[in-house]
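The values are calculated or read from the model by the stated rules, or taken from the named source; none is laboratory data. Since the structure is predicted, the reported quantities are computational estimates derived from the model, not experimental observations. Because the Cβ atoms are built from the backbone with ideal geometry, glycine has one as well, and the counts that use them run over all protein chains shown. With ligands, DNA and RNA removed, areas are computed over all heavy atoms of the protein, side chains included. Shrake-Rupley method; radii C 1.70, N 1.55, O 1.52, S 1.80 Å.
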Amino acid sequence: MSALEFRPRFRFTTPLSKDEVVRRIGERLRGENPDQLWLKNADDHLVLSFPSRHTHAWTPQMDINLEVRPEGTLVRCLLGPSPGIWMLFSAGYIVLGLLAMTGATLGFAQVSLGHAAWGFWALPVGAAGAVVLFLLARAGRRKASGEMRVLKHFVDDALGCDCFKLAMDQAED
């Protein structure tokens with residue numbers, strides 16, 4: 001995963017302890033933090049995000065899960081938009097799918113009864129809506145890429161590694 005993708009997942013093992021990983025990220029937040037990132041810390045789960053006054057619908061966040069292993073700490077990272085935006089798109093696709101399915105069912109029932117099949121008009125409406133959602137997601141991906149890089153570089157600097165490269169090297173082993 002050499003290029004930063006939308007919603008990339010990566011994991012790597014660091015020789016640092018879990019407490020040391022949390023401490024280093026916390027120190028970087030208090031020290032060198034020009035983007036005013038903030039951290040939610042819930043034991044083994046960290047969420048690194050931008051302050052709410054600087055966010056938009058596509059602003060990403062980084063979820064970091066820490067797991068203690070004998071050889072160090074397994075760090076799992078997930079970069080993507082907030083869960084609310086994913087729920088919005090999921091709901092949109094569900095509604096459009098139900099609209100299309102209802103239209104197809106109604107259309108076939110109308111045809112079998114010999115009536116005008118106006119129910120089939122829901123199919124192109126559902127398809128057009130799905131295309132619009134797809135294009136919105138692509139636009140959001142482009143809009144969020146710079147902020148995703150900020151989060152990735154912040155963690156890289158805090159932990160003293162190139163996390164993507166480390167994850168790729170360890171995946172090959």
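Checking the cross-link filter: which aspartates and glutamates have an alpha carbon closer than 20 Å to that of LYS40, excluding same-chain neighbours under 8 positions apart?
ASP19, GLU20, GLU27, GLU32, ASP63, GLU67, GLU147, ASP156, ASP157
Given axes a ≥ b ≥ c from the Cα gyration tensor, I'd like to know whether the chain is rounded (a/c under 1.5), prolate (a/b larger than b/c) or oblate.
Note, shape of the chain comes out prolate.
Could you order GLU147, GLU172, GLU67 so the one with the most accessible surface comes first? Probe is 1.4 Å. Display every interim value, and only then the final one.
Values: GLU147 35, GLU172 145, GLU67 65 Å².
Sorted by accessible area, descending: GLU172, GLU67, GLU147.
Quick one: order LYS143, LYS18 from most to least accessible surface, probe 1.4 Å.
LYS143, LYS18
Accessible area of the chain with a 1.4 Å probe: how many percent of it is carbon plus sulfur?
Ligands and nucleic acids excluded, carbon and sulfur reach 62 percent.
Sort CYS161, CYS77 by heavy-atom solvent-accessible area, probe 1.4 angstrom, most to least.
CYS161, CYS77
With angles folded into 0 to 90 degrees, how steeply does helix 83-112 sit against the dominant principal axis of the chain? Use alpha carbons for both and round to 10.
20 degrees
So if R0 is 45 Å, what FRET efficiency would GLN170 and TRP118 give, r being the distance between their Cβ atoms, rounded to the nearest 0.05?
Approximately 0.20, to the nearest 0.05.
For the chain, with only Lys/Arg (+1) and Asp/Glu (-1) charged at the beta-carbon, what is the dipole magnitude about the Cα centre, in debye rounded to 20?
Value, rounded to 20: 620 debye.
If you fit an axis through the alpha-carbon atoms of helix 18-30 and take the longest principal axis of the Cα set of the chain, what angle between them do you get, 0 to 90°, nearest 10?
Approximately 90 degrees, to the nearest 10.
What is the helix-to-structure angle for 122-159, meaning the angle in degrees between its Cα long axis and the longest Cα principal axis of the chain, kept from 0 to 90 and rounded to the nearest 10?
0 degrees
Output the peptides 103-109, 36-42 sorted from most to least packed, where packing is the average of other Cβ atoms within 10 Å over each peptide's residues.
Averaged packing, sorted descending, gives the order 103-109, 36-42.
Cβ under 13 Å from GLU27's Cβ, GLU27 left aside: what net charge do those residues give with Lys, Arg +1 and Asp, Glu -1?
Taking every other residue near GLU27 into account, the sum is 0.
Rounded, prolate or oblate: which fits the stretch 64-133 when a ≥ b ≥ c are the square roots of the eigenvalues of the alpha-carbon gyration tensor, with rounded for a/c under 1.5 and prolate only if a/b beats b/c?
In terms of gyration-tensor shape, prolate.
Using a cut-off of 21 Å between alpha-carbon atoms, which lysines can reach LYS165, once sequence neighbours fewer than 8 places away in the same chain are excluded?
List returned: LYS18, LYS152.
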